[in-house]
Amino acid sequence: MTVTVQPKPLTNYKARDYRMLIDGAWVEAADGKTLERVAPGHGIAVSRYQAGTKRDAEKAIAAARRAFDDGRWPRMTGAERSNILLKAADLIAARADDLAYLDTIESGKPISQAKAELGGAADIWRYAAALARDLHGESYNTLGEGTLGVVLREAIGVVSIITPWNFPFLIVSQKLPFALAAGCTTVVKPSELTSGSTLVLGEILAEAGVPAGVVNIVTGTGPEVGATMTTHPDVDMVSFTGSTGIGRLTMANAAQTLKKVSLELGGKNPQIVFPDANLDEFVDAAVFGAYFNAGECCNAGSRLILHKSIASDVIGRIAEISKQVKVGDPLDASTQVGAIITPQHLQKIQSYVAGASDGGATLAHGGEALDFGIGQFMTPTILSNVTADMAVAREEVFGPVLSVLTFEAAEEAIRIANSIDYGLSAGVWSRDFDTCLTIGRKVRAGTIWMNTFMDGASELPFGGYKQSGLGRELGRHAVEDYTETKTLNMHIGARTGWWMPR
Ligand code: NAD
């Protein structure tokens with residue numbers, strides 16, 4: 001059984017038409033084509049975006065290049081850029097409900113969660129605004145009488161920013177304000193499934209005072225717009241969040257002109273649980289980690305690695321809670337698990353569950369699609385008796401599916417945790433300080449949560465080990481990522497000659 005919230009039809013909803021932002025103007029695609037987005041929770045068309053072409057992407061890159069080279073943004077003072085970013089943060093906060101609504105109808109995520117993401121996003125813009133005033137290099141006054149060394153941090157130039165559909169506004173906010181704080185100009189491509197809130201951000205930034213051409217937003221598909229943004233010689237850096245497969249392609253494309261690349265990719269994140277853990281706290285974090293954003297989350301805690309002595313008790317408790325998690329209408333304030341992004345993705349999730357069952361895993365709860373007559377949904381699902389070699393334990397399912405594995409000795413848990421290609425995040429649960437720190441040091445992942453899961457803050461760096469990515473977002477070094485280092489090597493007094501020693 002699952003607690004369901006029947007989606008209410010969006011009667012009288014008029015699909016919204018969007019244009020793209022290139023060089024300060026709202027324009028249509030060069031060939032006039034559009035893409036339609038059908039709401040995953042409501043089954044009707046809610047948005048029509050421009051299907052941008054290679055030509056549109058090239059125009060946007062040229063506009064960003066001009067805006068960088070003429071200095072209209074990079075030559076402002078840090079304080080001036082900071083004030084504009086703060087104004088943007090205020091405008092984001094003022095329009096948070098509208099933006100959250102757009103993210104909800106386009107992605108299918110619960111509205112309460114979308115509102116929380118908007119709060120987090122506004123905070124990131126404020127944090128980046130603070131860093132804009134603190135970007136600085138180094139000086140070396142220790143190189144001898146005749147030398148002074150100064151190391152400058154300069155904006156890297158034109159940055160292509162490419163984002164996925166699962167956290168549309170939050171992820172662009174993990175990149176764009178830091179690139180802007182550094183003084184870069186940008187071309188942004190949101191996912192073709194969830195472009196609405198990013199386009200509204202374009203309006204907000206213009207109102208906040210970002211000059212024309214500094215932020216260009218091109219909608220469309222990856223192979224057309226994204227590929228141009230990652231190969232064009234006038235782009236200096238690519239900041240990409242998405243699947244590991246497209247991340248690999250992005251890096252190969254960028255390698256042709258040796259662009260700097262920052263990648264935030266997939267995850268298959270373990271939670272390792274010891275018998276002395278506070279299990280009441282843990283079971284809540286387990287369902288949150290697995291079902292938050294319907295499991296369509298790079299950070300999903302989709303692999304539980306439980307000590308054998310507690311496994312059957314914990315699986316039973318998680319199964320009971322899973323029955324009570326509310327699944328359904330993304331726009332209902334009480335919903336905890338919304339819709340699945342597309343019908344094809346729902347099929348993919350179900351084929352992982354079927355494959356695991358065929359391979360010997362036990363379906364402890366769920367596994368079915370929920371038919372509300374509109375949209376596509378899935379029950380929270382738990383698979384026990386999963387072994388470390390199964391696809392469901394190694395690959396990103398990206399749905400509300402929890403795989404449970406077991407261990408006896410800590411070293412075995414660490415081995416299982418590290419046995420896959422991903423290394424984004426991990427959790428450890430124990431009341432023993434030594435146990436938490438040992439696991440924390442030995443598991444190869446960018447974030448380790450101890451007795452909690454999926455917490456975060458603008459101050460804390462985020463990113464992956466291994467094939468979960470390259471580089472880190474957030475944290476105090478996030479602006480530096482969008483800079484080049486330049487050395488000024490200065491001579492004082494007479495120089496020692498080379499061909500005529502003095
Ligand atoms: P995706 O890789 O299919 O698409 C991501 C973006 O890349 C989209 O805008 C898409 O249009 C674009 N793209 C597609 N083909 C391209 C190409 N050839 N060249 C350039 N761009 C191209 O990913 P998705 O399905 O939108 O998102 C889900 C994935 O994102 C998951 O794997 C998830 O783990 C990952 N993700 C990672 C993080 C993180 O911070 N590590 C955060 C959120 C999502």
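Using only the Cα atoms of the stretch 249-351, build the gyration tensor, take square roots of its eigenvalues as a ≥ b ≥ c, and label the shape rounded, prolate or oblate: rounded if a/c is under 1.5, else prolate if a/b is larger than b/c, else oblate. Because a/c hits 1.5 or more and a/b fails to exceed b/c, the stretch 249-351 counts as oblate. Over the chain, DSSP H runs of length four or greater, each weighted -39,500 (n - 2.57), average out per residue to a 222 nm ellipticity of -11000 deg cm²/dmol. Rounded to the nearest Hz, the phi-derived 3J(HN,Hα) couplings of the stretch 276-286 under the Karplus curve 6.51 cos²θ - 1.76 cosθ + 1.60 (θ = phi - 60°) are 8, 5, 6, 6, 5, 5, 5, 4, 5, 5, 5, where x marks glycine and proline.
Extension gain, MET251 to TYR13, is 81.6 nm, computed as 0.36 nm per intervening residue step minus the present C-alpha separation.
Based on DSSP, what percent of beta bridges with both residues in the stretch 270-450 are antiparallel, to the nearest 5?
Beta bridges within the stretch 270-450, antiparallel portion: roughly 20 percent.
Sparsely packed loop sites in the stretch 210-301 (the GluC sites (Glu not before Pro) outside DSSP H, G, I, E and B with at most 16 other Cβ atoms within 10 Å) do not occur.
Between TRP429, TYR482, ALA494, the Cα set farthest toward the positive side of the dipole of the stretch 375-502 (charges on each charged residue's Cβ, about the Cα centre) is that of ALA494. Label the chain by shape, choosing from rounded, prolate and oblate, from the square roots a ≥ b ≥ c of the eigenvalues of the Cα gyration tensor; if a/c is under 1.5 it is rounded, and otherwise prolate applies when a/b is larger than b/c, oblate when it is not. Taking the square roots of the gyration eigenvalues as a ≥ b ≥ c, the chain is oblate. Nearest 0.05, what FRET efficiency do ALA212 and GLU480 give at R0 = 25 Å with Cβ-Cβ as r? So, using R0 = 25 Å, E works out to roughly 0.40.
Cross-link partners of LYS442 among aspartates and glutamates, defined as those whose alpha carbon lies under 14 angstrom from its own and excluding same-chain residues fewer than eight positions apart: GLU411, GLU412, ASP434. The stretch 92-108 and the stretch 271-337 have Cα centres lying 26 Å from one another.
The 3J(HN,Hα) values that the Karplus relation (6.51, -1.76, 1.60; θ = phi - 60°) gives for the stretch 370-386 are, in residue order, 9, 9, 9, x, 9, x, 9, 9, 9, 6, x, 10, 10, 10, 9, 6, 7 Hz. Gly and Pro appear as x.
For the chain, the Cβ-based charge dipole about the Cα centre amounts to some 1060 debye (Lys, Arg positive; Asp, Glu negative; other atoms uncharged).
When the charge dipole of the stretch 355-473 is built from unit charges on Cβ atoms (+1 for Lys and Arg, -1 for Asp and Glu) and taken about the Cα centre, the candidate among PHE398, ILE439, THR381 whose Cα reaches farthest toward its positive end is ILE439. What's the angle, to the nearest 10 degrees (0 to 90), between helix 196-208's Cα axis and the longest principal axis of the chain? Helix 196-208 sits at roughly 30 degrees to that axis.
Amide H contacts of GLU484: GLU154, ALA155, ILE156, each under 5 Å away and 5 or more positions distant or on a separate chain (H built 1.01 Å from N in the peptide plane; Pro and chain starts excluded). What distance in nm separates the two pseudo spin-label positions at ARG441 and ASP69, each 7 Å out from Cα along the beta-carbon direction? Computed distance between label sites ARG441 and ASP69 equals 5.2 nm. Amide H to amide H, with H built 1.01 Å from N, PHE377 comes under 5 Å of ILE340, LEU370, counting only residues 5 or more places away or on other chains.
Sites listed here are GluC sites (Glu not before Pro) in the stretch 366-433 whose DSSP assignment is loop and whose Cβ has at most 10 other Cβ atoms within 10 Å: GLU408. Would any residue of the stretch 1-28 have its amide N under 14 Å from a label point 7 Å out along Cα→Cβ of LYS326? List them or say none. The answer is 3-8, whose backbone nitrogens lie closer than 14 Å to the label point.
Computed from phi, the 3J(HN,Hα) profile of the stretch 233-244 under the Karplus parametrisation 6.51, -1.76, 1.60 (θ = phi - 60°) reads x, 7, 9, 9, 8, 10, 10, 10, 10, x, 6, 5 Hz, with x in place of Gly and Pro. In loop segments of the stretch 253-339 as defined by DSSP, there are no chymotrypsin sites (Phe, Trp or Tyr not before Pro) with at most 11 further C-beta atoms inside 10 Å of their C-beta.
The Cα atoms of the stretch 363-502 give a gyration tensor whose axes a ≥ b ≥ c have a/c of 1.5 or more with a/b greater than b/c, which makes the shape prolate.
In this label model, SER312 and GLN344 are separated by 4.4 nm, measuring between points 7 Å along each Cα→Cβ vector.
For the stretch 10-66, what is the relative contact order in percent, using Cα pairs closer than 8 Å and at least 6 residues apart in sequence?
Computed over the stretch 10-66, the figure is 37 percent.
Scanning residues 5 or more positions from THR406 or on other chains, those with amide H under 5 Å from its amide H are LEU306, with H placed 1.01 Å from N in the peptide plane.
Using C-alpha pairs under 8 Å with a sequence gap of at least 6, the mean separation divided by the residue count of the stretch 339-465 gives a relative contact order of 18 percent. Each Cα pair under 8 Å and six or more residues apart adds its sequence gap; the mean of these over the residue count of the chain is a relative contact order of 19 percent.
Between TRP498 and LEU279, the contour length at 0.36 nm per residue exceeds the alpha carbon distance by 71.6 nm.
Cross-link check: pairs LYS268/LYS323; LYS33/LYS268; LYS87/LYS326 evaluated at a Cα-Cα cut-off of 32 Å; pairs beyond the cut-off: LYS33/LYS268; LYS87/LYS326.
No value in this document is a laboratory result; all are computed from the given coordinates. Every value quoted in this text rests on a predicted model; they were computed, and no experiment measured them. Neighbour counts run over all protein chains shown; Cβ positions are idealised from the backbone, glycine included.
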